[in-house]
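Below is one structure, written out as structure tokens; comments come after it.
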Amino acid sequence: MNLAAFLHRTALLNPDATALGQGRARVATYREFARQVAVLAGQMTGRLGLKKGDRAAIVMANVPDYMVVKYACWHAGICAVPVNAKLHRREFAFILENCGARVCFTNAEKETAIAGLDGEIATLERIVSTGGRLWTEITAAAPVPMAEVEPDDPAWLFYTSGTTGRPKGAILSHRNLVSQTMNFFADVGNIASGDCIVHCAPASHGSGCYGIPHVARGAAQVFPDSGGFDPAEMLDLLQHWPGATFFLAPTMVVRLLNHPGLAEADTANLKLIVYGGGPMYVEDLLRGIDMLGQKFVQIYGQGEAPMTITGVTRAMHADSGHPRYRARLGSVGVARTDVEVRVVDAGDNALPAGEIGEVVCRGDVVMRGYWDNPEATAATLKGGWLHTGDMGAFDEDGFLTLKDRSKDMIISGGTNIYPREIEEVLLKHPGVREASVVGRKHEDWGEEVVAFVVANESGDPTPQALDQLCLDNIARFKRPKDYCFVDALPKNNYGKVLKTELRALLEAESS
Ligand code: AMP
């Protein structure tokens, strides 16, 4: 089916429900949203001359029109290329050229960042800004019927965040995103008309993916005025919008928990916090449950299997009497309903519970491949399984614990050390707000463990105290040889800690 069918079904069932909101304001009902989409789609294939299967890029801030453009692409059978709006002009140019988009949609805020790229990139014919005259004209035409698509037709080129190397465009088909949506209902949560999702994370990534189940159920998509994540603004929006879902990177959850206004705020309207995209530390999660109640669901996924490999459900978060409760909270949960997940060795043989290997998965949610990159596609989809690049191990009950990406693993004296384990221990110190552990080159050992630590206001963690904590909790050889105290950890636009930068910092220091 065409993903836009979710929208048109909802427009029939809940025409007057709020579809789009900005700040506290209602911007469009589902009747209005569906009409805007059908009108713009007609002009995409008409006036803008796009053909089925062509790519249209979206370089827009987090605003309601984002949704109109994306759904219009689907309605017209065009593949949308949502680009993280906070990238550098050179990165925009790379993605626009790589995907061969003929048209790029933008808004007033991002116009200057991409101005002129239509003259520099041969395939890019036009930039259309929602602030311009052309937009006014193409949004005032007549609606057209929805295009027929095949389930495997590309719907979304999802550019990986590229924490190392150049981003690659994962081809997500209509089938992949329908599967992601049905998996949301199966494992993550129920949504009803009258609920909402607040897009405080970029619509080009996970939050945008989770917009789809909300459209399918007639819930509102709300865009904060700031266009991003500001804890005070989120708490204010909660006073206005009921049944709210937030999709947050774990680092954003921590920022919300650390916000001084949280204790006094009324959070009754907060229905669900879906977190994922990076490790959530158990101490932070327990604090979150304590402060906000049982509103948490964890998802583990990647652009190549959008938001859907494993998960920790709300019920698992609440099962505090379980003998392995803490271990389960520190895991990424169990295989999602519609996904097969294995841990394999270098020869792709499935490993038994307890053994660490690469996490692979297959199912309808897995991408078709990378855009214009057959080598990477063949390597990543070897044998019909998506090779995630993440290392992990299952326990006897089918809970998967990630042991860091293979590139983040530290090999010291021939032994594998997984930073996550050490980070969990350091975060037990009441004076530690954030911790990230990386390897530093060492002549004798290959690598040695170094911890970057951000202290909070209440404490002044000393290397001696942290060392003792490690000695009390983990094997001696794993404990950091050095502690670097910093004001903040470097993060990308999705809130992921950039270990590559931390390693580069150490290299620069030692050279
Ligand atoms: P991206 O494709 O940019 O969303 O990045 C996906 C990567 O983020 C995964 O391969 C994991 O390394 C990491 N990741 C995603 N979800 C989780 C999670 N719940 N816990 C730990 N790491 C995660």
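Counting only Cα atoms, the chain measures 70, 51, 42 Å along its principal axes, largest extent leading. Multiplying the residue separation of H442 and A142 by 0.36 nm and subtracting their alpha-carbon distance yields 101.3 nm.
Contact order, relative form, for segment 193-352: 17 percent (alpha carbon pairs under 8 Å, 6 or more residues apart, mean separation divided by residue count).
The residue list I171, A108, H214 was ranked by how far each Cα lies along the charge dipole of segment 91-223 toward its positive end, using unit charges on Cβ atoms, and H214 comes out on top. Placing unit charges on the Cβ atoms of the charged side chains and taking the dipole of the chain about its Cα centre, the candidate lying farthest along the positive direction among F485, M280, A76 is A76.
A Cβ-based charge dipole, computed about the Cα centre of segment 280-378 with Lys and Arg at +1 and Asp and Glu at -1, lands at about 540 debye. Based on Cα contacts under 8 Å between residues 6+ apart, segment 447-486 shows a relative contact order of 68 percent.
Take 134-146, 99-111 and order them by the average number of nearby Cβ atoms within 10 Å per residue, most first; the result is 99-111, 134-146. Rounded, prolate or oblate, given the Cα gyration tensor of segment 105-238, with a/c below 1.5 counting as rounded? Since a/c stays below 1.5, the shape of segment 105-238 is classed as rounded. Residues K382, K428, arranged from fewest to most other Cβ atoms within 10 angstrom of their Cβ, appear as K382, K428.
Against the longest alpha carbon principal axis of the chain, how many degrees, from 0 to 90 and to the nearest 10, is the axis of helix 499-510 turned? So the helix axis and the longest Cα principal axis differ by about 50 degrees. Peptides 29-40, 76-87, ordered by how many other C-beta atoms sit within 10 Å of their residues on average, highest first, read 76-87, 29-40.
Relative to the Cα centre, the charge distribution of the chain, modelled as +1 at Lys and Arg Cβ and -1 at Asp and Glu Cβ, gives a dipole magnitude of about 1080 debye. Residues in segment 425-434 carry Karplus couplings, in order, of 5, 4, 6, 5, 5, x, x, 9, 8, 9 Hz; the curve used is 6.51 cos²θ - 1.76 cosθ + 1.60 with θ = phi - 60°, and Gly or Pro positions show x.
Here the residues R166, R9, ranked from fewest to most Cβ neighbours within 10 Å of their Cβ, fall in the order R166, R9. The peptide list 383-390, 65-72, 504-511, put in order of mean Cβ contacts within 10 Å with the highest first, becomes 65-72, 383-390, 504-511. Short-range pairs are left out: with C-alpha atoms under 8 Å and at least six residues apart, the relative contact order of the chain is 11 percent. Charging the Cβ of each Asp and Glu at -1 and of each Lys and Arg at +1, and nothing else, the dipole of segment 345-444 about its Cα centre rounds to 320 debye.
Only one residue of V425, A455, F33 has its Cα farthest out toward the positive end of the dipole of the chain, where Lys and Arg carry +1 and Asp and Glu -1 on Cβ, and that residue is F33.
Taken together, the values in this text are just the output of simple stated rules run on the coordinates, not laboratory data. Everything quoted here is computed from the prediction, not taken from an experiment. Every residue, glycine among them, receives a Cβ derived from its backbone with ideal geometry; neighbour counts consider all protein chains shown.
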